[in-house]
Amino acid sequence: MTELSSTQIQEIRTKVLGAAAKVPGALLGLGILFIALGLIGIAGQVFFSFVSVNILGIFLFAGGLLQGAHAFQSSGWKSVSVQLIFAVLYIVAAVYVWAFPIPALEVITLWMAAIFFVTGVLRLISAFQHRHFGEWIWLLLSAGLSILMGVLIMNSYPASSLWLPGLLIAIELLLQGWSLLFLGFAALSVAKSVTK
């Protein structure tokens, strides 16, 4: 195996980062912002849960309006009535989410538990299908953790509905923030080496 020169490594880094290599400050700034939001979310999980359900309502309402506008502009299309029904359902769902945030959070929590459980079972099947590879144990571990998450969520349901969605969103923001921060540092190192 041949070793790469520092120039070749630098070219590879630049190609991998693409245009992001030109704006390391934006990546660093976004990373810090996401980490700060994630920390706020972890400190106030219930608040973050209610914020997330309200944002869901905004998206549902906007989706319903856009779907309705599209349906009215599509005269002659056979699916106009179906599109209007979807638009009304989106708007009704948005109003329901805003009027009854706790039941909406309970539904979201049940959905998350189901997602964890189903993905865990599918990973378990995949692990046994790939058991002839030495690394199949990692699939098995991942499957076990997903199933455990689903069971833990259901075990503390419905009380977990108030804090769990906010906690998971906060963790996602933290992970995304750290990812952007490390990409920003990588882009910064590429930018510094180019200017030398």
Near pairs, Cβ below 9 angstrom, 6+ apart or cross-chain, from the range 134-157 (part of a loop (DSSP other than H, G, I, E, B)) to any residue that is at pLDDT below 85: SER156/LEU164; TYR157/LEU164
Quick check on ALA113: is it at pLDDT below 90, surrounded by 13 or more Cβ atoms within 10 Å (Cβ to Cβ) and assigned to a helix (DSSP H, G or I)? yes
If we scan the range 87-106, do we find a residue that is at pLDDT 80 or above, farther than 30 Å from GLN45 by Cβ and buried (at least 17 other Cβ atoms within 10 Å of the Cβ)? yes
Would you point out which residue out of ILE42, ILE32 is farther than 26 Å from MET112 by Cα and at pLDDT 65 or above? ILE32
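The values are calculated or read from the model by the stated rules, or taken from the named source; none is laboratory data. These figures come from a predicted structure and were not determined experimentally. Counting neighbours? That spans all protein chains shown, and the Cβs are built from the backbone with ideal geometry, glycine included.
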